[in-house]
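Values in this text are rule-based calculations from the coordinates and carry no lab data. If you're wondering where the values come from, they're calculated on a predicted model, not measured in any experiment. Positions of Cβ are backbone-derived with ideal geometry, glycine not excepted, and every protein chain shown enters the neighbour counts.
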Amino acid sequence: MLKKISISKYSAYTFLIVLCAIWAIPIIFGITTSFRSQTEVVSVGFRLLPVNWIVDNYVNILANTSTAPILRWLMNSLFISTMHTLLVVVVISITAYGYSRMKFKGRDTLFFTLLGISFFPGVVNLIPSYKIIDALGWVNTAWAMIIPGLAGMGNIFLVRQFMKGIPMELDESARVDGAGDFRIYYSVMLPLIKPVLIVCGLFSFTGSWNDFLWPVIVYTDVDKMPVTAGLLLLQDIYGNYRMIGQLMGSAILAIIPTLLLFLFAQKYFVQSINLNSGIKG
């Protein structure tokens with residue numbers, strides 16, 4: 001029996017190590033490539049570590065403020081992702097409160113209808129969404145990235161389920177004291193649902209930061225682009241084996257903010273996703 005357990009355990013460890021290597025080796029190779037000279041990139045075959053480490057690629061990236069202003073793109077992405085995340089937290093918390101604590105005719109029917117519609121591929125909405133953004137005059141503005149997707153049904157479902165684990169007696173006690181729905185939402189619900197809101201906020205931030213297709217469609221002004229749309233532009237500037245090291249360096253700079261966010265907030269990804277962590281009656 002113990003032998004079987006040991007074999008299973010070591011097999012699982014081996015499988016996980018292989019998966020980790022498959023994931024990590026391309027990342028490590030991309031990072032080290034950003035420290036290679038162009039000559040080494042095109043002349044040396046696959047080599048995990050550079051022969052000569054250089055930082056010229058990063059110097060040239062940061063010095064290019066005209067055709068590829070990477071720092072401006074990073075600031076644009078930071079502003080867009082932060083504003084989008086803050087508004088998402090407000091919208092989904094209020095919406096989830098209505099679907100979980102308020103009683104009105106057709107509440108559940110409406111909720112599950114919208115939830116079902118949300119399963120359609122996002123690409124179906126690209127043309128209608130662009131038409132709306134264009135009609136509002138938001139093309140080439142941050143609003144084109146901030147507003148769409150605020151009321152994501154996945155986030156609303158998550159917060160709604162979390163709220164349903166909070167006893168209704170808390171609402172009733174607050175109403176006895178004269179509190180209305182907004183006071184209950186603000187003073188009672190928000191402190192209790194903070195963990196799940198943090199999770200939704202983290203997902204929203206990373207989703208907004210990594211969004212690629214939509215910003216490529218709604219942005220044509222180089223200075224206003226987020227970093228994902230800028231990276232596509234860099235393929236024309238640095239690609240085709242012209243400046244591979246600078247292209248990889250730009251990609252590495254683009255992932256640093258989300259990497260730091262995960263390192264500092266990873267405990268919320270693990271702990272706060274538990275839908276049963278609300279107060280039980």
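Numbers below:
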item: Relative counts (whole %) of C-alpha pair distances in the range 62-207, using bins that are 5 Å wide; result: 2, 8, 15, 16, 17, 14, 10, 7, 5, 3, 1, 1, 0
item: Estimated D of the range 172-261 in µm² per second, where Rh is the Kirkwood radius over Cα pairs and Stokes-Einstein applies at 37 °C, 0.692 mPa s; result: 199 µm²/s
item: Gain upon complete extension [L71, T14; 0.36 nm per residue less C-alpha separation]; result: 16.4 nm
item: Computed over the chain, Kirkwood Rh from alpha-carbon pairs, angstrom; result: 22.3 Å
item: Value of [θ]222 nm, deg cm²/dmol, for the chain, DSSP H segments ≥ 4, -39500 (n - 2.57) each, nearest 500; result: -21500 deg cm²/dmol
item: For the range 1-137: span of alpha carbons on each principal axis (Å, largest first); result: 69, 67, 26
item: Relative contact order, percent, the range 57-277 [alpha-carbon distance under 8 Å, six or more residues apart]; result: 37 percent
item: Dipole of the range 103-171, positive direction: furthest Cα of I133, M163, A144, with charges on the beta-carbon; result: M163
